[in-house]
Amino acid sequence: MKPDQAAHNYRLYIETVGCQMNMLDSELVVAALRKQGYQLTADIAEADTILFNTCSVREHAEHKIYSALGRLKHSRSRRPDQVIGVIGCMAQKDQQLIFQKAPHVDLVVGTGQLAQIPELVAQSRADREKRVAVSLDRRDATRQQVSDSFQSYDPLRDPEMRPSPFQAFVRIMIGCDKFCTYCVVPMTRGPEQSRPPKDVLQEATRLAGEGVREITLLGQTVNSYKYTVDGRIWRLSDLLESLSGVAGIERIKFVTNFPRDMTDDLLQAVRDLPKVARYLHVPVQSGCNDQLKRMKRGYTVEEYREMMARIRATVPGCAVSSDFIVGFCGESDESFQKSADLLRECRFKNSFIFKYSPRPGTKADELFADDVPEEVKRRRNNELLAIQNAISEEDNVALIGREFEILVEGLSKTAKKEQLDDPRVGGTIQENTGTCDDHPQLVGRTRCDRIVVFEGNPRLVGSLVDVHVTDCTQTTLIGSIVTREFQHTGSDLLPILA
Ligand code: SF4
């Protein structure tokens, strides 16, 4: 059956949880449905197509989706033509279980079948049959067969779904072969597969033509990128060098890195290529070797330290952030203290700290008891967070008085809230052409990915400006734009701080 011919009347509501990979997937799904004439709505009550793009990494994220589905139980009685779909990681993992828990769901579409969504939605609306489209299970077929069943999906872009009109995610690989014992991703995203460099370059060039200035390269272990063309192996460092040549692209970031794959050629590329952000997100997960072994992370604390030393030596000033899991199976007070010590020693720019929750289908769930009480997990989470916050604040204070080049991303959260609360503005972004006093607060990031807020004209959004840092909080630098006013005095040119 052809995709929905009368789709021009349909309204799509999409809710996305999880990582940047999911945000990009949603962007592509929305683009495909828009091409069919669908319009996006932020009001679930007026939607006739409702999609949940889901995450299985943590139990909490799954509960959230099942609760949202529960609230839609009687929705069909009001809108008989409504189609409800669960897509992404949870769809690939739970499959038929979703229909058992939420019988009113029409579609279950895994991460490798997203391209089929327009057709599946149309079919489901026409015959009211339930449909499941998922990839092969890694245990049931050869690597090649499973890889083929996870179709890479990057054909379309939708500017309105991007983080901002000037920023875009670009997927350079899908899947993961690391099989950390706590993680479902190798099952939900399939085997590791890198995209051809020419496809990535073409996509970046097209995005630059649409006004994008910053791209973030995505991969579950982005620095494991490897693709062979005519006998030449392309690694992430080669890709960064080629992408640096794309006119219009000013900043290139990449997430998430795997510690064991942090090679010297990549660090040298970060050091030598001016467009590449001096920022590396390299999750360590634990500071205890026994825990790392149980997690099957494939490195020791000593090896992680050695990697940190190479980063510091090769790319001075590079910001590094990390992830920690607290309360993983068998984590004693002593092993937790080792994580706290490593955090103090590495002084990460920021850390994402998660309480362990067992995930069905993983080795950890099969082999180890979830033996750390919830209360202890919560306490350890708060303890690590307090250490990280203190480090972030100390490091931010040390940056007061310095100047940074900022890519302006948009209005700050405070300015957005003020606009929403202001009846004269009514929630729209207003261009301000008045005096400096009238300017709203903008937000942007340094090349080291530090968040900076400052007052400025919204017309600056999407451009690079210099900001002088005057104050800070734990998470944010506060500053003012450096206006360079040049007056020829016969001998020198003076910058004037605004
Ligand atoms: S590296 Fe480990 S934690 Fe990261 S996606 Fe792969 S299996 Fe999951």
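What follows draws every value from the coordinates through simple rules; no lab data is involved. Because the structure is predicted, anything quoted here is derived from the model rather than measured. When we count neighbours, we look across all protein chains shown, and the Cβ atoms used for this are built from the backbone with ideal geometry, even at glycine.
Quick one: Debye curve from the alpha-carbon atoms of the chain only, equal weights, vacuum; give me log10 I(q)/I(0) at q = 0.07 Å⁻¹ to two decimals.
The computed values of log10 I(q)/I(0) come out as -0.42.
Through the Karplus equation 6.51 cos²θ - 1.76 cosθ + 1.60, θ set to phi - 60°, convert the phi angles of region 273-285 into ³J(HN,Hα) values in whole Hz; use x for Gly and Pro.
Values per residue, Gly and Pro as x: 9, x, 7, 7, 4, 8, 8, 10, 9, 10, x, 9, 6 Hz.
Sort V376, V326 so the one with the fewest other Cβ atoms within 10 Å of its own Cβ comes first.
Going from sparsest to densest Cβ surroundings: V376, V326.
Could you calculate the contour length gain from T470 to D371, that is, 0.36 nm times the residue separation minus the distance between their Cα atoms, to one decimal place in nm?
31.0 nm
Which lysines does K377 reach when only Cα atoms under 22 Å apart count, and residues fewer than 8 places away in its own chain are ignored?
Once the sequence-local lysines are set aside, what remains near K377 is K64, K293, K296, K338, K355, K363.
Give, in nm to one decimal, the length gained when the segment between Q337 and Y66 is fully stretched (0.36 nm per residue of separation minus the Cα-Cα distance).
Length difference between fully extended and current span is 94.0 nm.
Under a point spin-label approximation (7 Å from Cα along Cα-to-Cβ), what is the N382-R260 distance to one decimal in nm?
3.7 nm
Farthest toward the dipole's positive end in the chain, which of A141, A208, A32, given Cβ charges of +1 (Lys, Arg) and -1 (Asp, Glu) about the Cα centre?
A141
Ranked highest first by the average count of other Cβ atoms within 10 Å around their residues, in what order do 328-335, 122-129 fall?
Going from most to least packed, we get 328-335, 122-129.
So what is the 222 nm mean residue ellipticity for the chain from helices alone, if each DSSP H run of at least 4 adds -39500 (n - 2.57) and you divide by all residues, rounding to the nearest 500 deg cm²/dmol?
Taking each H run of at least 4 residues, the total per residue is -10000 deg cm²/dmol.
Please give the charge dipole size of the chain, origin at the Cα centre, charges +1 on K and R Cβ atoms and -1 on D and E Cβ atoms. Round to the nearest 20 debye.
Dipole size: approximately 1080 debye.
Say each of R128 and Q151 gets a label point 7 Å from the Cα, pointing the same way as Cα to Cβ; how far apart are those two points in nm?
The answer from the label model is 2.8 nm.
Taking neighbour Cβ counts within 10 Å as the exposure measure, how do S164, S286 sort from fewest upward?
S164, S286
Quick check: convex hull over the Cα atoms of region 162-277, volume per residue in Å³, rounded to an integer?
Convex hull of Cα atoms, per residue: 110 Å³.
Given a Förster distance of 56 Å, report the FRET efficiency between R344 and H74 from their Cβ-Cβ distance, rounded to the nearest 0.05.
0.60
If I model a spin label at E303 and Q202 as a point 7 Å from the Cα along the Cα→Cβ vector, what separation in nanometres do I get?
3.7 nm
Calculate the FRET efficiency for D272 and V397 from the Cβ-Cβ distance with a Förster distance of 25 Å, rounded to the nearest 0.05.
In this case the efficiency is close to 0.25.
Under 5 Å between amide hydrogens, which residues at least 5 positions from L477 or on another chain qualify, with H placed 1.01 Å from N in the peptide plane?
I451, V452, V453
Quick one: what are the phi-derived ³J(HN,Hα) couplings along region 250-261, Karplus 6.51/-1.76/1.60 with θ = phi - 60°, whole Hz, x for glycine and proline?
9, 9, 10, 10, 8, 9, 10, 8, 9, x, 5, 9
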